[in-house]
Amino acid sequence: MPLSKQYQTVCQQIADACQQAGCEIENVQLLAVSKTHPSDRIRALYDLGQRAFGENYLQESLDKIQQLKDLDIEWHFIGHVQRNKTKPLAENFAWVHGVDRLIIAQRLSQQRPSDMPALNICLQVNIDGQDTKDGCSPQEVADLVREISALENLKLRGLMVIPAPNNVQAFADAQVLFQHVKAHHQQPEHWDTLSMGMSSDMADAIQAGSTMVRVGTALFGARDYGKNT
Ligand SMILES: *Cc1c(COP(=O)(O)O)cnc(C)c1O
């Protein structure tokens, strides 16, 4: 299927899910996840109107940012953040979604160039207790929100979750946690992003209150991981 048709289909699915959930379409953002796909595909989707793109692999994303620097793209890093790789993230991205420890946030804040706007951050939470190193526990969220919110060059916007596929309950749990933090937040208007939902479960995520769906396969087709190992 041509990219324009895929894009139209995904936008329509988001609009339909919003309508069903009774939310405003402008409250749900589409993040186009372009990992493993070449920069000419990103350029093609940009030409169709998409501005926010998500990448997972540092070197690959830096190459693409360089190749596409003539475009007004909002780059989101959605991969695992390694402690010794924070500087290029701080220097090249508008958003980092995978922050799950204070030390990572502190480094990003220190390394954010002073002539750039604050770096937008989502705190990654292991919402369904998966056996993974990624994401803080729900119990750690309150302290991390307080500590990260105090860092100078960051703007902590909300939560990011990657539950097991089609775990609808995890989306509901993430929404409860998100609202709980908002209710106790010093500046609740700054707490506006719940990043959840991917190609296979974006409608469920929107139903549960997602404000940003991260969609790769439904836009660009299947990924060829052979190239990245
Ligand atoms: C790859 C990836 C996505 C996109 O997944 P699709 O199933 O291709 O839509 C979304 N979020 C994260 C964190 C990812 O790594």
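The values are calculated or read from the model by the stated rules, or taken from the named source; none is laboratory data. A quick note: this is a predicted structure, and the numbers were derived from the prediction, not measured. Neighbour counts are summed over all protein chains in view; Cβ atoms, including those assigned to glycine, are modelled from backbone coordinates with ideal geometry. Calculation scope for accessible area: heavy atoms of the full protein, side chains included, ligands and nucleic acids excluded. Shrake-Rupley method; radii C 1.70, N 1.55, O 1.52, S 1.80 Å.
Selection of the range 201-218 for residues being of a type in the set (S, T, N, Q) and near the ligand (Cβ under 8 Å from one of its atoms) yields only T217. Across the range 190-208, the qualifying residues are those that are surrounded by fewer than 16 Cβ atoms within 10 Å (Cβ to Cβ) and of a type outside the set (G, A, S), and the one among them that is modelled with the lowest pLDDT is H190. All conditions but one from (1) within 13 Å of the ligand (Cβ to nearest atom); (2) out of contact with any strand residue (DSSP E or B) (no Cβ under 9 Å at 6 or more places or on another chain); (3) free of Cβ contacts under 8 Å to residues at least 24 places away in the same chain apply to E60; the one that does not is (3). Scan the range 169-189 for residues that are within 10 Å of P138 (Cβ to Cβ) and surrounded by fewer than 20 Cβ atoms within 10 Å (Cβ to Cβ) and jot them down. Answer for the range 169-189, where residues must be within 10 Å of P138 (Cβ to Cβ) and surrounded by fewer than 20 Cβ atoms within 10 Å (Cβ to Cβ): D173, V176, L177, H180.
For the range 160-200, residues that are within 16 Å of the ligand (Cβ to nearest atom), of a type outside the set (A, V, I, L, M, F, W, C) and over 14 Å from the mean Cα position of the chain (by Cα) total 4. Just the residues that are within 16 Å of the ligand (Cβ to nearest atom), open to solvent by 20 Å² or more (accessible area, probe 1.4 Å), part of a helix (DSSP H, G or I) and closer than 26 Å to F93 by Cα, please, taken from the range 7-56. Within the range 7-56, Y7, C11, R41 qualify.
With respect to (1) of a type in the set (D, E); (2) within 9 Å of the ligand (Cβ to nearest atom); (3) over 19 Å from Q29 (Cβ atoms), the lone exception for D224 is condition (2).
Taking each residue of the range 107-127 that is farther than 18 Å from E74 by Cα and looking for partners that are of a type in the set (G, A, S) and in a loop (DSSP other than H, G, I, E, B) with beta-carbon atoms closer than 7 Å, six or more apart or interchain, yields Q124/G135; V125/G135; N126/G135; N126/S137.
Results for (1) within 16 Å of the ligand (Cβ to nearest atom); (2) exposed (fewer than 15 other Cβ atoms within 10 Å of the Cβ), shown as yes or no for each residue.
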{"position": "Q67", "(1), (2)": "no, yes"}
{"position": "N84", "(1), (2)": "no, yes"}
{"position": "P88", "(1), (2)": "no, no"}
{"position": "V99", "(1), (2)": "yes, no"}
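Of the numbered criteria (1) modelled with pLDDT under 95; (2) closer than 18 Å to A17 by Cα, the one T211 fails is (1).
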